[in-house]
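Participant: Before I ask anything, let me first share the structure, which is written out below as structure tokens.
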Amino acid sequence: MRKLRYGAACLALSVSSLTSAQQAGPPKPPRPPETVPSLREVKSVIVCGDCDKPFDTSTHKQVMDGLLSNKYIGELRKALYWQDSAHQFESKAHYDNCDFDGATSYVDSLLAEIDGHVIAAKAAKEKGDGAAAEARVVKAFFALGQALHGVQDFYAHTNYVEMSVGAAKKSTDIEVVMPWKRSGKDRIKELVGNGLVSGFVVWGLPQHCAKGVASHEDMAKDKETTTSGKVRVAHLQNRSRYQIAAQLAREASQELVDDAFRRWPLLKEINGQHVAFEVLVDRRGL
Ligand SMILES: [Zn+2]
């Protein structure tokens, strides 16, 4: 009896420093490395930003060679990985824990950051300070990479794919939701009303999911091998949910790059029209 009381006291003490959600969770995964693999080693896509015609794949090698040493693309890709390291447990950076408002506002704040950098870059350029202008454009591309990460995660970390496949005759019928646009924000609100949720991450904050929502591990579609990612959708050419999530994430990314180059032509002017990036980077170990 005495022993039991002692055990209970110990337990009470040890849980006092944890939130109730974290008590039952798995061990906290370590912070992933920030190292960015070479563009040659990864599966990346190349898009033509705000172009009349899509990327001409016949020039792939030539374009890729140029992008390998492009510092703006380097910065954008660095940001894709940085989000998993520096913001590993922030729900808003990954559309986790049903933090839809937080994640969408976060994308907005990153676009506002780009705007500030572009204004400063233009001012520097007018003063003839090309180096200062370039430095600001580098920062703008970093913020664009951070925004791309969040936008892509919408498709991998929510049940949007699961909710959408039923009505689609082919995967390209599925609407591309663009959280940085007014229409996208409205659509997400509507979807939340119809049952849109994102995976529960025990270590992530804030947590806005109702009790019983599936875990991130069960919902994530970042890879072909995850529980949900490997599920095949028979009537959509037997494509996996991962493939569908990646297709939507890629389309949304192209739209975001297009919009960014339209809104801030200086980014396209200084970087060039081509942008290369990974789709669905995930190193958080969750
Ligand atoms: Zn993420």
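Participant: Of all helices (runs of 4 or more DSSP H) completely enclosed by the stretch 188-286, which ones contain at least 1 residues that are closer than 22 Å to Ala140 by Cα and of a type outside the set (Phe, Trp, Tyr)?
Facilitator: 241-263, 265-271
Participant: While we're here: Within the stretch 24-77, can you find the residues that are of a type in the set (Asp, Glu) and surrounded by 14 or more Cβ atoms within 10 Å (Cβ to Cβ)?
Facilitator: Correct list: Asp50, Glu75.
Participant: To continue, here is another question. Any residue that is at pLDDT 95 or above and more than 13 Å from the chain's Cα centre (by Cα) - is there at least one of those in the stretch 144-158?
Facilitator: Checking the stretch 144-158: not a single residue is at pLDDT 95 or above and more than 13 Å from the chain's Cα centre (by Cα).
Participant: With respect to His117, is the statement that it is away from the ligand (no atom under 16 Å from the Cβ) and closer than 23 Å to Gly49 by Cα true?
Facilitator: yes
Participant: Mind listing just one residue for me: the one in the stretch 162-181 that is under 30 Å from Ala86 (Cβ atoms) and away from the ligand (no atom under 16 Å from the Cβ) and, of those, surrounded by the fewest Cβ atoms within 10 Å (Cβ to Cβ)?
Facilitator: Lys181
Participant: Could you look through the stretch 48-91, keep only residues that are in contact (Cβ under 8 Å) with a residue 12 or more places away in the chain and basic (Lys, Arg), and pick out the one that is nearest to Leu266 (Cα to Cα)?
Facilitator: If we take residues in the stretch 48-91 being in contact (Cβ under 8 Å) with a residue 12 or more places away in the chain and basic (Lys, Arg), then Lys71 is nearest to Leu266 (Cα to Cα).
Participant: Taking the condition of being more than 19 Å from the chain's Cα centre (by Cα), of a type outside the set (A, V, I, L, M) and not in a helix (DSSP H, G or I), how many residues in the stretch 161-187 meet it?
Facilitator: Residues that pass the stated criteria total 3.
Participant: It is to be established whether one or more residues within the stretch 92-111 are without any contact (Cβ under 8 Å) to a residue 12 or more places away in the chain, outside any helix (DSSP H, G or I) and either away from the ligand (no atom under 16 Å from the Cβ) or of a type outside the set (Ser, Thr, Tyr) (or both).
Facilitator: The answer is no; no qualifying residue exists.
Participant: Kindly establish whether Phe89 is at pLDDT 95 or above and within 16 Å of the ligand (Cβ to nearest atom).
Facilitator: Taking the combined requirement at face value, the residue satisfies it.
Participant: Which condition number in (1) within 16 Å of the ligand (Cβ to nearest atom); (2) over 30 Å from Asp56 (Cα atoms) is the one that Leu191 fails?
Facilitator: That leaves (1) as the condition not met.
Participant: Here's another thing I want to ask about it. Across the stretch 92-122, what is the number of residues that are among the basic types (Lys, Arg) and either at pLDDT below 95 or surrounded by fewer than 21 Cβ atoms within 10 Å (Cβ to Cβ) (or both)?
Facilitator: 1
Participant: Looking at (1) buried (at least 23 other Cβ atoms within 10 Å of the Cβ); (2) over 19 Å from Val176 (Cα atoms), find the lone condition where Ala246 falls short.
Facilitator: (2)
The values are calculated or read from the model by the stated rules, or taken from the named source; none is laboratory data. No experiment lies behind these values; they were computed from the predicted model shown. Virtual Cβ from ideal backbone geometry, glycine too; neighbours counted across all protein chains shown.
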